[in-house]
Structures are given as structure tokens and as C-alpha cells.
């Protein structure tokens, strides 16, 4: 009788645990669910860039694509290009560590005008070391500002960050509030204007490429600033330590051409 009672208690306990677990999963917020579903690719080992296309059929372009990013920006053709027009507004500085990078979401209202089209700024994030290279030279960190137009096409502005003694106030503010663990969020009382993250000279290399993370979707317009932004070594070291080699290796140019603003 005691054995039967113990068995019944065990079954009830297991069922209770199952119900509680189910309720927990059902009530998990959308961000947590998305984060869990995305933990199937990394930057190292058997789930790293060499294997992204094998992880999911939606990632096929990571291997078969002919217009992949990043690339070495060499052999660019100098042409007369209209400089992009930046219409950025200050927004609250909130940072998220999503397990792949540190990302800052951007409130609606800020945008980029490029060849007569408006691209709204969605977010910016970081990679270390830099993903793009210029004539074979990479930098410690690269910033990506991600924009989208009304038909869903993407334009990404990239800024290479290199070491110097110049201190950028906006970058310093972020370096003081970095979320160090995956899933961590940092909400501040400060504001930030993405325009303060750009170099003084806003001429660019331009080419047609892809996302540098799965699913590696193509037809992304890339604008890589020809002038880097300088930061002190101690700030760059913070980003390097936190991001820990979250850069995709350079991809083949294939038949694409690279343009460089002739005024740069």
C-alpha cells in the first residue's frame, strides 16, 4: 500500500512539473521565444559561418549566393555619386545583447535618403573584428546601421572603427552601458543621435551584397564609409572583448563591381 501511495505521489509530482513547465513556455515573451529559436547558428565550430547553409534550408544563400557580404573593398571604380543624406533624430539609448551582437533599436522617424529613396533607420549593431576590409586592411570594430525602404529593401551603412586617441562622446556613452550577457538589456536615461556615430566625411564605397548573418539574404545595398572613425584603444578593447569575433569571413566578389565616391 505504501509503495502504491509513493508511486501515485511521484506521478502527481511529474504531472505537476510538466504542467508548470508548459505554462512557463506558453507565457514566455516573444523576444525570449525568438532568441531561443535563433540559437542554431554561431560564429565558431560546427554552427559557424562555414556551416550556416547546412543548418537550415532558409540559409542556402550563405553557400550558393553570388552576391554575399562582407568583401574586401579593393579595385573600386571612382565615380560621381550623390552623398547619402542623413536625417537622424535623437532617441533613447537602450541596448540589447541578443547573443550575436550588441544592438541598439531606433525609434521611428529617422531615415536615410539615397538616390531619391527614403530608407528608415531600424537599428544599429557592432561586429569585431570588422567584417569589411579596405585594400586588405581590416579594423578592430565595425558598426552597421540598418535601414529599410517602403518595399522592404535594405540599405546598410557601415563605419569602420580604428584606434586613436580621439574620443567620440556617443561611442563612449555606449561603452559605459554595454550589456555583457546574452539576453541582457540596458535602458538608460540618455539619448543618442546616430549621426554622431558617422565620420566627418560621408563619402562611401558602394556595392550590392547580402546580410552578413543568416539567412544571408541578397539585394542589400551596402554603403561603407571611406573614412573610419577613431576611438581610444580602451574603448575598442571593450567592444572586442564583448563581441568576441562575431565577424563573418570575407566573401568572393564574383562578377560584382565596387564604386567609390570620386570626391573621397
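Each reported figure results from applying straightforward, stated rules to the coordinates on display, with no laboratory input. Everything quoted here is computed from the prediction, not taken from an experiment. Note: ideal-geometry Cβ built from the backbone for every residue, glycine included; neighbour counts use all protein chains shown.
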Worksheet item: When you count, for each residue, the other Cβ atoms within 10 Å and take the mean per peptide, how do 178-184, 207-213 rank with the highest first?
Response: 207-213, 178-184
Item to complete: First check a/c for region 209-264, with a ≥ b ≥ c the square roots of the eigenvalues of its C-alpha gyration tensor; if it is under 1.5, answer rounded, and if not, answer prolate when a/b is larger than b/c or oblate otherwise.
Response: oblate
Item to complete: Report, in whole Å, the centroid distance computed from the Cα atoms of region 182-245 and region 119-140.
Response: 5
Fill in: DSSP bridge pairs, region 33-143: antiparallel proportion in percent, nearest 5
90
Worksheet item: If the chain between residue 252 and residue 173 were fully stretched, how many nm would it gain, using 0.36 nm times the residue separation less the Cα-Cα distance?
Response: 24.8 nm
Worksheet item: Ordered by packing density, taken as the mean number of other Cβ atoms within 10 Å over each peptide's residues, highest first, how do 113-123, 223-233 rank?
Response: 223-233, 113-123
Item to complete: Could you order peptides 45-55, 63-73 by the average number of other Cβ atoms within 10 Å of their residues, highest first?
Response: 63-73, 45-55
